[in-house]
1. Is it true that GLU83 is charged (D, E, K, R), farther than 19 Å from GLU118 by Cα and touching a residue at least 60 places away in the same chain (Cβ under 8 Å)?
2. Of a type in the set (Asp, Glu) and at pLDDT below 90: which single residue out of GLU77, GLU83 fits that description?
3. Is it the case, given these coordinates, that LEU11 is more than 15 Å from ILE114 (Cβ to Cβ) and surrounded by fewer than 11 Cβ atoms within 10 Å (Cβ to Cβ)?
4. Mind telling me which of the residues ALA29, ALA17 ends up being among the hydrophobic types (A, V, I, L, M, F, W, C), more than 14 Å from THR88 (Cα to Cα), assigned to a helix (DSSP H, G or I) and touching a helix residue (DSSP H, G or I) at 6+ places or on another chain (Cβ under 6 Å)?
5. Say whether the condition of being in contact with a helix residue (DSSP H, G or I) (Cβ under 9 Å, 6 or more places away or on another chain) and at pLDDT below 90 is met by at least one residue in the stretch 36-46.
6. Would the stretch 50-64 turn up any residue that is out of contact with any helix residue (DSSP H, G or I) (no Cβ under 7 Å at 6 or more places or on another chain), exposed (fewer than 15 other Cβ atoms within 10 Å of the Cβ), in contact (Cβ under 8 Å) with a residue 12 or more places away in the chain and not charged (D, E, K, R)?
7. Are any residues in the stretch 66-109 under 10 Å from the mean Cα position of the chain (by Cα) and surrounded by 19 or more Cβ atoms within 10 Å (Cβ to Cβ), and if so, which ones?
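The values are calculated or read from the model by the stated rules, or taken from the named source; none is laboratory data. Note that this is a predicted model, so its numbers are computed, not measured. Neighbour counts run over all protein chains shown; Cβ positions are idealised from the backbone, glycine included.
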Amino acid sequence: MKAWLLSLCGLSAFLIAGYLVQSSLNQTANRLDRQLAEVEEKLAAGDWDQVSSGLKKVQNTWDQTKTFWAVVTNHKEMDLIEEALIKTIKASSCKSYADAAINLGALRQFIKHIPERERFSMVNIF
C-alpha cells in the first residue's frame with residue numbers, strides 16, 4: 001500500500017511540476033512577444049528612438065528569463081533567440097528597416113516556438 005501511495009505522490013508531483021513549468025514558459029513567452037509587438041509597431045512607424053528603448057526592455061526581460069529557460073529547454077533554441085535579438089538591436093541602431101523587421105519577425109517566432117516545443121503533447125512525444 002505504501003509503495004502505491006508513494007508512486008501516486010511522485011506521479012502527482014511530476015505532473016504538477018510539469019504544469020507549472022509549462023505555465024511559466026507560456027507567461028514569459030507571452031510577455032516577451034507583447035514587448036516585441038510594441039517594438040514592431042514603433043518600427044513600422046519609423047520611431048527609431050522608441051524602437052531602441054523597446055529593445056532595451058526586451059533585452060532586460062530576456063536576461064531575466066534566460067536563466068530559467070536554460071534549465072528547461074534546449075540551448076540551441078536559446079542561442080537562436082540571442083542571435084536574433086542581437087541582430088535586431090544592431091539593425092535598429094543602423095536604422096535598417098528591412099533587416100530589423102526580418103530579424104524581429106524571426107525573434108518573435110523563436111520565442112513563440114519554445115513553449116510549443118516543450119509542451120507535453122502527442123506530437124512532441126512521437
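1. For GLU83, the condition - charged (D, E, K, R), farther than 19 Å from GLU118 by Cα and touching a residue at least 60 places away in the same chain (Cβ under 8 Å) - is not met.
2. Exactly one residue qualifies, and that residue is GLU77.
3. yes
4. Criteria check complete, one pass: ALA29.
5. yes
6. Looking for residues that are out of contact with any helix residue (DSSP H, G or I) (no Cβ under 7 Å at 6 or more places or on another chain), exposed (fewer than 15 other Cβ atoms within 10 Å of the Cβ), in contact (Cβ under 8 Å) with a residue 12 or more places away in the chain and not charged (D, E, K, R), one finds none in the stretch 50-64, hence no.
7. TRP69, ILE81, LEU107, ARG108
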